[in-house]
Amino acid sequence: MNPNVNGGPDGTADEEAFRPVIEQLSYLVDELSAQRPLFSKISDSILSERPINEEKSIKDHFLEILVRENSVNQVIVSGLISGDLRGQSVDDLLLRKKPKESDLASVVEIQEKISQSRRAVVELLLEAPADAWSAYVMEKGQRQTLHEWAFRMGLEDADTLREISTMLSEIQLIFRR
């Protein structure tokens, strides 16, 4: 690709300009893959346990990521790239409901579904035309470009993974006694 931030001659976005964001989004897949052996050793009943009323369990966190990936991120990313959502409000789409109990049997299966969804989003971003990166949706009256949305996805990943790590540490402390 050309080093032109506005895009190469073929109309695709400059890979170097957006690579850090795409790499950050790919990190979720790597992290879930690294966690899989650990989660396969912990019973689903422990992973589904809610520590305090109204708090999320580890499984709830993963279900929330899955819902966010499938119902929000894929829709917005593909809609901005295709042009279907450009300039449109996404406020209704963002009224996320709590994830319902899943038919998926285990956290490991949920992680795999998340990884599949994220790989699809990353593939879309890698093939995005240059103008898609500056295309925007409206959220609560504010513009959110595809670039900003992708960056936000990475921040949400980090926050959720940090929360899950904290909960795992607490589980390890409990079972060491």
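The values are calculated or read from the model by the stated rules, or taken from the named source; none is laboratory data. This is a predicted model, so every value here is computed, not measured. Don't worry about glycine lacking a Cβ; one is built from the backbone with ideal geometry, like all the others, and counts go over all protein chains shown.
Of all residues assigned to segment 77-100, none qualifies as being surrounded by 16 or more Cβ atoms within 10 Å (Cβ to Cβ), modelled with pLDDT of 85 or more and closer than 30 Å to Glu170 by Cβ. Residue count for segment 20-55 under the criterion of being of a type in the set (D, E, K, R), farther than 16 Å from Ala158 by Cα and free of Cβ contacts under 8 Å to residues at least 12 places away in the same chain: the result is 5. What's the number of the only condition in (1) more than 19 Å from Asp84 (Cα to Cα); (2) touching a His at 6+ places or on another chain (Cβ under 7 Å) that Gly154 fails to meet? Answer for Gly154: the failing condition is (2). Evaluate segment 160-170: report whether one residue or more is closer than 30 Å to Leu47 by Cβ, at pLDDT below 90 and among the aliphatic types (A, V, I, L, M). Looking through segment 160-170, at least one residue is closer than 30 Å to Leu47 by Cβ, at pLDDT below 90 and among the aliphatic types (A, V, I, L, M).
Would you be able to tell me the number of residues in segment 25-55 that are over 30 Å from Leu124 (Cβ atoms), acidic (Asp, Glu) and in a helix (DSSP H, G or I)? Total meeting the criteria: 1. Sub-6 Å Cβ pairs linking a first residue in segment 70-94 that is within 19 Å of Gly154 (Cβ to Cβ) to a second residue that is in a helix (DSSP H, G or I) and of a type in the set (Gly, Ala, Ser), at least 6 apart or interchain, are Asn70/Ser117; Leu80/Ala132; Ile81/Ala132, ordered by first then second residue. Please count how many residues of segment 123-144 are surrounded by fewer than 18 Cβ atoms within 10 Å (Cβ to Cβ) and in contact (Cβ under 8 Å) with a residue 60 or more places away in the chain. Residues meeting the conditions: 4.
Scanning segment 131-156 for residues that are more than 14 Å from Val90 (Cα to Cα) and not acidic (Asp, Glu) yields Ala132, Trp133, Ser134, His147, Ala150, Phe151, Arg152, Met153, Gly154, Leu155.
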